[in-house]
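Asker: To start, I am sharing the structure in question, which I have written as structure tokens.
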Amino acid sequence: MNKKARKIALNSIITLKAKAGELMGLKDITLDAPKTKDAQDILKNIGIATKKVLFVVAKKDETILKSFRNLPKVKYLYADYLNPADLM
């Protein structure tokens, strides 16, 4: 897939998800230690603990990665590697 088609596909999918209310943005998630229980509590407090979640972050954060990677319905992805298949 070329860059132009990929960008158009990403924008279209993000727009559709936003209109459907399926996107959520979180500002400043900080965890003191890499604990899966803390990550699970965050998802539970938001109300999405039982849903499939694509967690997209702007930069590498080992604490967040280690906290969320053991959750079965959560996929962790860097913003640079975001693709249409993962968004669907």
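The values are calculated or read from the model by the stated rules, or taken from the named source; none is laboratory data. Predicted model only: the values in this text are computed from it and were never measured. FYI the Cβ positions are ideal-geometry reconstructions off the backbone, even for glycines, and counts take in every protein chain you see. Calculation scope for accessible area: heavy atoms of the full protein, side chains included, ligands and nucleic acids excluded. Shrake-Rupley method; radii C 1.70, N 1.55, O 1.52, S 1.80 Å.
Asker: What number goes with the only condition from (1) in contact with a helix residue (DSSP H, G or I) (Cβ under 9 Å, 6 or more places away or on another chain); (2) closer than 27 Å to residue 1 by Cα; (3) surrounded by fewer than 15 Cβ atoms within 10 Å (Cβ to Cβ) that residue 53 does not pass?
Answerer: Among (1) in contact with a helix residue (DSSP H, G or I) (Cβ under 9 Å, 6 or more places away or on another chain); (2) closer than 27 Å to residue 1 by Cα; (3) surrounded by fewer than 15 Cβ atoms within 10 Å (Cβ to Cβ), residue 53 violates only (3).
Asker: Which of (1) open to solvent by less than 60 Å² (accessible area, probe 1.4 Å); (2) in a loop (DSSP other than H, G, I, E, B); (3) not polar (S, T, N, Q) does residue 42 not meet, given it meets every other one?
Answerer: It fails just one condition, (2).
Asker: Please give the number of the condition residue 16 fails out of (1) within 12 Å of the chain's Cα centre (by Cα); (2) closer than 26 Å to residue 3 by Cα; (3) not hydroxyl-bearing (Ser, Thr, Tyr).
Answerer: (1)
Asker: For the range 67-88, how many residues are farther than 18 Å from residue 38 by Cβ, surrounded by 10 or more Cβ atoms within 10 Å (Cβ to Cβ), among the aliphatic types (A, V, I, L, M) and without any contact (Cβ under 8 Å) to a residue 60 or more places away in the chain?
Answerer: 1
Asker: Between a first residue in the range 25-38 that is surrounded by 10 or more Cβ atoms within 10 Å (Cβ to Cβ) and a second residue that is polar (S, T, N, Q) and not in a loop (DSSP other than H, G, I, E, B), which pairs have beta carbons less than 8 Å apart while being 6 or more apart in sequence or on different chains?
Answerer: 31/63; 31/67; 34/63; 34/67; 35/67; 36/67; 38/67
Asker: Now for a different question. Out of all the residues in the range 1-24, which are more than 24 Å from residue 65 (Cβ to Cβ), of a type outside the set (A, V, I, L, M) and surrounded by 13 or more Cβ atoms within 10 Å (Cβ to Cβ)?
Answerer: 6
Asker: What are the residue pairs meeting all of these: first residue in the range 52-66, first residue basic (Lys, Arg), second residue crowded, with 16+ Cβ neighbours inside 10 Å, Cβ atoms under 7 Å, and 6 or more apart or on different chains?
Answerer: 66/34
Asker: Follow-up. Output the number of residues of the range 1-24 satisfying the condition of being without any contact (Cβ under 8 Å) to a residue 60 or more places away in the chain and β-branched (Val, Ile, Thr).
Answerer: Number satisfying all stated conditions: 2.
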